[in-house]
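Novice: Quick one: this structure, given as structure tokens, is what I'll be asking you about.
Every number here is computed from the coordinates shown, using simple stated rules; none is lab data. On a predicted model such as this, the values are computed, not experimentally measured, just so you know. Quick reminder, even Gly has a Cβ in these numbers, built from the backbone with ideal geometry, and neighbours come from all protein chains shown.
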Amino acid sequence: MRTKRLKILFVSGMSGAGKTQAMRVLEDMNYFCIDNLPASLVIDLVRTVLEDREERAEIERIAIAVDVRGREFLQFFHQTRRMLEMEQIPWSILYLDATDQVLMNRYKETRRRHPLQEDGGMLEALDRERRLLADIREVANRVIDTTHMGVREFGELMQTLYREDEPRMVVAVQSFGFKYGIPLDADMVVDVRFLPNPFYDPALRDQTGLDEPVRRFVLDHPQTRRFLEGYASLLSFLIPAYIREGKRQLVLAVGCTGGQHRSVALAEELTRHIHSEEVRMVVNHRDLDKRNR
């Protein structure tokens with residue numbers, strides 16, 4: 001049945017406990033994230049996704065942030081829950097909490113005003129918020145206390161709990177030609193112009209690094225083999241370190257003179273050298289379409 005793949009996660013809890021950060025992490029894990037959707041629109045959203053499943057196949061997990069600003073949702077919460085159960089749509093609630101003192105400190109640091117703080121003080125607003133959210137906390141599938149958590153630690157916990165089988169990082173290997181400029185989004189740039197250039201071989205000049213003769217010309221050179229071994233070893237050390245730091249995308253730019261031969265062959269080969277269940281490899285060749293210009 002089509003509804004089996006669709007899941008909805010409600011993210012709720014105390015203001016300042018980490019809902020914004022949680023939604024950012026979920027978005028990085030390909031959740032379709034919505035902040036404070038009115039309860040009356042939850043049903044419309046779900047039905048739209050189900051009715052247009054073929055066109056919206058990429059939407060499999062939805063995260064909806066809910067807090068005291070969405071008074072309507074609090075009022076119709078149980079009605080919304082019954083609707084999802086009738087539609088046989090899996091749903092769960094993540095509730096974030098922290099001590100009053102920590103919440104007050106966080107608000108002071110950001111100089112923001114609590115959404116329920118009117119004429120009274122902060123403690124009064126927090127007490128009122130806890131009472132309003134009591135029903136949601138009671139039925140929450142998971143409660144996380146962020147009192148003693150930093151941003152990084154909280155992000156790692158969210159990834160562990162909700163990542164399922166999604167890759168933690170996308171590694172994009174991009175070939176390019178220095179004559180057209182260095183890619184602006186590159187995290188790391190490597191210059192492979194030290195390798196012999198197939199351009200000077202008339203039989204190879206009009207081919208690219210995607211063609212087997214050029215590929216063999218580049219990869220069979222002893223310097224290329226040493227480079228691949230060394231660079232792949234470096235990446236095997238760096239990628240897990242980047243993942244631990246919360247990085248979700250790494251762009252590796254490989255450049256030669258025109259972006260046709262050496263960089264193309266090496267970009268393709270690098271994707272074969274990086275093997276990890278925690279990453280998804282993507283390769284593209286920025287300047288390959290410039291060969292006939």
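Novice: In whole Å, what are the extents of segment 80-188 along the principal axes defined by its C-alpha atoms, from largest to smallest?
Specialist: 64, 43, 24
Novice: Okay, helix-only estimate at 222 nm for the chain: each DSSP H run of n ≥ 4 adds -39500 (n - 2.57), divide by all residues, round to 500 deg cm²/dmol; what do you get?
Specialist: -12500 deg cm²/dmol, from helical runs alone.
Novice: Using the 10 angstrom Cβ neighbour count as an exposure proxy, how do Val189, Val66 rank, fewest first?
Specialist: Val189, Val66
Novice: Hey, in the GNM for the chain with a 10 angstrom Cα cutoff, which one of Lys247, Lys108, Lys19 fluctuates hardest?
Specialist: Lys108
Novice: Return the lysines within reach of Lys7: Cα separation strictly under 28 angstrom, same-chain partners fewer than 8 residues apart disregarded; answer none if there are no such residues.
Specialist: Reachable lysines: Lys19, Lys247.
Novice: To make sure I understand the rule: partners must be lysines, Cα under 25 Å from the Cα of Lys179, and not fewer than 8 residues away in the same chain. Which ones qualify?
Specialist: Straight-distance partners of Lys179: Lys290.
Novice: Have a look at the DSSP beta bridges in the chain and tell me what percent are antiparallel, nearest 5.
Specialist: 0
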